[in-house]
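The values are calculated or read from the model by the stated rules, or taken from the named source; none is laboratory data. None of the values given here were measured: they were computed from a predicted structure. As a convention, Cβ positions derive from the backbone with ideal geometry for all residues, glycine included, and neighbour counts pool all protein chains shown. Accessible surface areas use protein heavy atoms only, side chains included; no ligands, DNA or RNA. Shrake-Rupley method; radii C 1.70, N 1.55, O 1.52, S 1.80 Å.
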2 protein chains.
Amino acid sequence: MLQNLPDHSAIEDAHKRIQPFAHRTPVLTSSYFNHKTGASIFFKCENFQKIGAFKFRGAFNAISQLPEEDGKKGIVTHSSGNHAQAVALASKLNGYKATIVMPDNAPKVKVQAVREYGAEVVFCENTTDARERSARKVIEETGAVFIHPYNHPDVIAGQGTSAKELLEEYPDLDVIMAPIGGGGLISGTAIWSKYINPEIRVIGAEPKWADDAYRSFKSEVIEPVLRTDTVADGLRTSLGELTFQAIRLHVDDILTVSEESIIQTMRDLWERMKIIIEPSCAVPLAAILENDLNLEGKNIGIILTGGNVDLDNLPFA
Amino acid sequence: MLQNLPDHSAIEDAHKRIQPFAHRTPVLTSSYFNHKTGASIFFKCENFQKIGAFKFRGAFNAISQLPEEDGKKGIVTHSSGNHAQAVALASKLNGYKATIVMPDNAPKVKVQAVREYGAEVVFCENTTDARERSARKVIEETGAVFIHPYNHPDVIAGQGTSAKELLEEYPDLDVIMAPIGGGGLISGTAIWSKYINPEIRVIGAEPKWADDAYRSFKSEVIEPVLRTDTVADGLRTSLGELTFQAIRLHVDDILTVSEESIIQTMRDLWERMKIIIEPSCAVPLAAILENDLNLEGKNIGIILTGGNVDLDNLPFA
């Protein structure tokens, strides 16, 4: 099925749909990081979003638009991360049954969170192939609707609502940044930001160990992720056709950063801003600090993606 | 010197003074804790305040009111905690030199933070006597002004501005809660809350291991803290004459909680709300959960005091 990128009006509609159910997350600033970069940085705190990550926006937008006769057959996805919880909660809020395919080595706390939202968990081997096969089986047996974590126009439109809120509060941003995993967040962010202000620079950031979007951006074909061991566990995925298209059309640059930078910046964000963020959140700020960009005097928006970490297993402990 | 409690207009004036320099901290909610308590809880996040704690409000209010000829002689206090950083930053912002007496076993990170704000650190033995003697020595030598951490009307008025902001946003609170250390925060909170609405219940909370305010409240004389090993390191101090007076006049009840409750609730707040809070912050919510209060359907404000923790030494790690 050929799909089109959502436009700004799809993001406006998404915002109307999710507003009664999602948090309008706060924007925090830090004189420490402003001083350190010479810029004014506005952190959009999606770690305070429902389920602890921006993923709720996209999942809710997609699921709430399903025709009721489709939704009643159930919702299915495969994920061991934030998308799993997002689909579980968004399904519950819409009165639909969700089935989440998770690898059998998924952290117990994530499995438990998904079950708390009323979803059924189906375990499989931890390979892309096994996950897809398990999800297909659920679809064949029940007719359930599959919700892709990023390569889906309604998901991209939902993720764009975070940048919409940020730009409503801070319309004078010169730069807006987000990390890139599968590309759903940067796609929605870029579509909205360029619609509001074509002059705004949209910059993605990635770990050097998962720099597939950076390489794809340069080579102009989708390049796969080559290793999956970056500490930024939310960014280990490759782009989809749709998100790659959005990046080519609307993203100005992609920066990459070292693991050491990510971990140090994550710790600094915890200590200075008193917020719990996932390693992925630290990637854009780490990119500013590591790449010595000339951002003196600029207004920079950074979307902090989520705060779901295992407190017993912190990378800087 | 006989001192009087500040009244509501002193808190209004304090608010005008600090607003250009302090963060108006966000108020966060959590469907998890609402569900768990049956109440609607509004968390006022002073962990996001300047220097990472509410203490900035009181210190700034006191220091900014000093006659310039006094302030020019310098500011002095003794503290190894948040008050040290608060006095250091508030002095700097007013163009005054601060000297902070700290115990020679104070954590390096706290010493460094105080120095980053431009204050001079004087070390002494870790006894109340040695601290007071060292501070007196600075005063005798320089004429510096001593800023008490809580038993000071301008400090109490400053601390009351947090409740003022919370009640401006949520005027329908049935209950407002804060932890009690020296009593500055609960005093300012109670004075403002009862002025705005005499029906509001003001409830203090303490660790059982530092239940001096609870015992003082019952016996009607100031009782000393008997042990100083509670994990809630911000609450190891005894009341002063002024704060005791405010508590007797305006506080409805004081609850106490176990160490286990504090640590578990602290961890739950980190995991569920994605915020970094000190152990002291967890005490009021732990008191609600441990004491099985009948708060079904009530609107409850809780002031989260600060977020300065040592990430390498967490109580639940």
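Please average, across the residues of A:53-63, the number of beta carbons from any other chain that are within 10 Å of each residue's own beta carbon, and give a whole number. Walk me through the numbers before you get to the answer.
Details: counts 1, 0, 0, 0, 0, 0, 0, 0, 0, 0, 0.
Going residue by residue through A:53-63 and averaging, the value is 0.
Please list, in order along the range B:203-213, the HN-Hα scalar couplings obtained from phi with the Karplus expression 6.51 cos²θ - 1.76 cosθ + 1.60 (θ = phi - 60°), rounded to whole Hz, x for Gly and Pro.
10, x, 9, 9, x, 4, 6, 9, 9, 4, 5
What order do you get for A:234-242, B:299-307 when each peptide is scored by the mean count of other beta carbon atoms within 10 Å, highest first? It would help to have the intermediate numbers written out before the result.
Details: A:234-242: 21.9, B:299-307: 26.3.
So the peptides A:234-242, B:299-307, ranked by packing, come out B:299-307, A:234-242.
Can you run phi through the Karplus equation (6.51, -1.76, 1.60; θ = phi - 60°) for the range A:244-255 and list ³J(HN,Hα) in whole Hz, with x for Gly and Pro?
5, 4, 4, 5, 4, 6, 10, 9, 8, 7, 10, 10
What number comes out for accessible area per residue over the range A:209-278 if the probe is 1.4 Å? Units Å², please.
On the way: 2950 Å² over 70 residues.
Solvent-accessible surface per residue comes out at 42 Å².
Roughly how many percent of the accessible protein surface of the protein assembly as shown is carbon and sulfur, given a 1.4 Å probe and a whole-percent answer? Walk me through the numbers before you get to the answer.
Details: 11710 of 25430 Å².
Accessible surface attributable to carbon and sulfur in the protein assembly as shown totals 46 percent.
Please compute how much accessible surface disappears when B pairs with A, both sides summed, using a 1.4 Å probe, and round it to the nearest 100 Å². Can you show the working numbers first?
Numbers: alone 13640 and 13640 Å², together 25430 Å².
Using a 1.4 Å probe on protein heavy atoms, the buried area is about 1900 Å².
Any idea how far the Cα center of the range A:260-317 sits from the one of the range A:87-148, in Å?
Cα centroid to Cα centroid, the span is 30 Å.
When you look at the Cβ of every residue in B:45-52, what mean number of other chain Cβ atoms sits within 10 Å?
Working: counts 4, 1, 3, 7, 1, 1, 0, 4.
So the per-residue partner count for this stretch is 3.
Select the chain B residue whose beta carbon lies nearest to the rotation axis carrying chain B onto chain A, and write the distance in whole Å.
Checking which Cβ lies nearest the axis yields B:P26, 2.
Would you work out the charge dipole size for the range B:25-110 about its Cα centre, treating the Cβ of every Lys and Arg as +1 and the Cβ of every Asp and Glu as -1, and quote it to the nearest 20 debye? Let's see the in-between values first.
Working: 11 positive and 5 negative charges, 44 e Å.
Here the size comes out at about 220 debye.
Between B:N105 and B:E241, what FRET efficiency comes out of the Förster formula 1/(1 + (r/R0)^6) with R0 = 30 Å and r the beta carbon distance, rounded to 0.05?
Details: r = 29 Å, r/R0 = 0.98.
Efficiency, rounded to the nearest 0.05: 0.55.
HN-Hα J couplings of the range B:97-103 from phi, Karplus 6.51/-1.76/1.60, θ = phi - 60°, integer Hz, Gly and Pro as x?
8, 10, 10, 10, 7, 10, x
Quick one: if you stick a label point 7 Å off each Cα along the C-beta vector at B:E296 and B:Q65, how many nm between them?
4.5 nm
Taking Cα atoms, how many degrees apart are the long axis of helix A:82-93 and the longest axis of chain A, rounded to 10 and kept between 0 and 90?
60 degrees
Say a label goes 7 Å from Cα toward Cβ at B:I139 in every copy; what distances in nm does this one have to the rest, shortest first?
Between copies, matching label points for B:I139 lie 7.6 nm apart.
In nm, one decimal, shortest first: how far is the label point of A:E125 (7 Å from Cα along Cα to beta carbon) from the matching points in the other copies?
Label-point distances to the other copies, shortest first: 6.9 nm.
Which of the listed residues, B:A287, A:N61, B:A53, is farthest toward the dipole's positive end in the protein assembly as shown, when Lys, Arg count +1 and Asp, Glu count -1 at the beta-carbon?
Result: A:N61.
What is the dipole size for chain A, taken about its Cα centre, with +1 at each Lys and Arg Cβ and -1 at each Asp and Glu Cβ, in debye to the nearest 20? The partial results should precede the final answer.
On the way: 32 positive and 42 negative charges, 142 e Å.
Dipole magnitude for chain A comes out near 680 debye.
Mind pulling the angle between the C-alpha long axis of helix A:282-291 and the longest principal axis of chain A? Nearest 10 degrees, somewhere in 0 to 90.
30 degrees
Sort B:H83, A:H8 by accessible area with a 1.4 Å probe, largest first. Show your work: numbers first, answer last.
Values: B:H83 10, A:H8 60 Å².
My answer, sorted largest first, is A:H8, B:H83.
Any idea how far apart B:F316 and B:E125 come out in nm if each label point goes 7 Å out from Cα toward Cβ?
That separation, rounded to one decimal, is 3.9 nm.
With point charges of +1 on the Cβ of Lys and Arg and -1 on the Cβ of Asp and Glu, referenced to the Cα centre of the protein assembly as shown, which listed residue (A:V121, B:A213, B:F21) lies farthest in the positive direction of the dipole?
B:F21
Compute the acute angle (0 to 90°) between the alpha-carbon long axis of helix A:55-64 and the principal axis of greatest extent of the alpha-carbon atoms of chain A; round to the nearest 10°.
Once rounded, one gets 40 degrees.
Dipole of the protein assembly as shown, Cα-centred, from +1 at each Lys and Arg C-beta and -1 at each Asp and Glu C-beta, to the nearest 20 debye?
Numbers: 64 positive and 84 negative charges, 43 e Å.
Roughly 200 debye for the protein assembly as shown.
Among A:65-75, A:220-230, how do they line up from the highest to the lowest mean number of other beta-carbon atoms within 10 Å?
On the way: A:65-75: 15.5, A:220-230: 13.6.
Output ranking for A:65-75, A:220-230: A:65-75, A:220-230.
When each copy gets a label point 7 Å from Cα toward the beta-carbon at A:E69, what are the spacings between them in nm, shortest first?
Shortest to longest, the spacings are 8.9 nm.
Considering the dipole of the range B:56-146 built from charges on the beta carbon (Lys and Arg +1, Asp and Glu -1) around the Cα centre, which of B:P107, B:I75, B:F146 is farthest to its positive end?
B:P107
For B:V145, list long-range residues whose amide hydrogen, built 1.01 Å from N in the peptide plane, is under 5 Å from its own amide hydrogen.
B:G74, B:I75, B:V76
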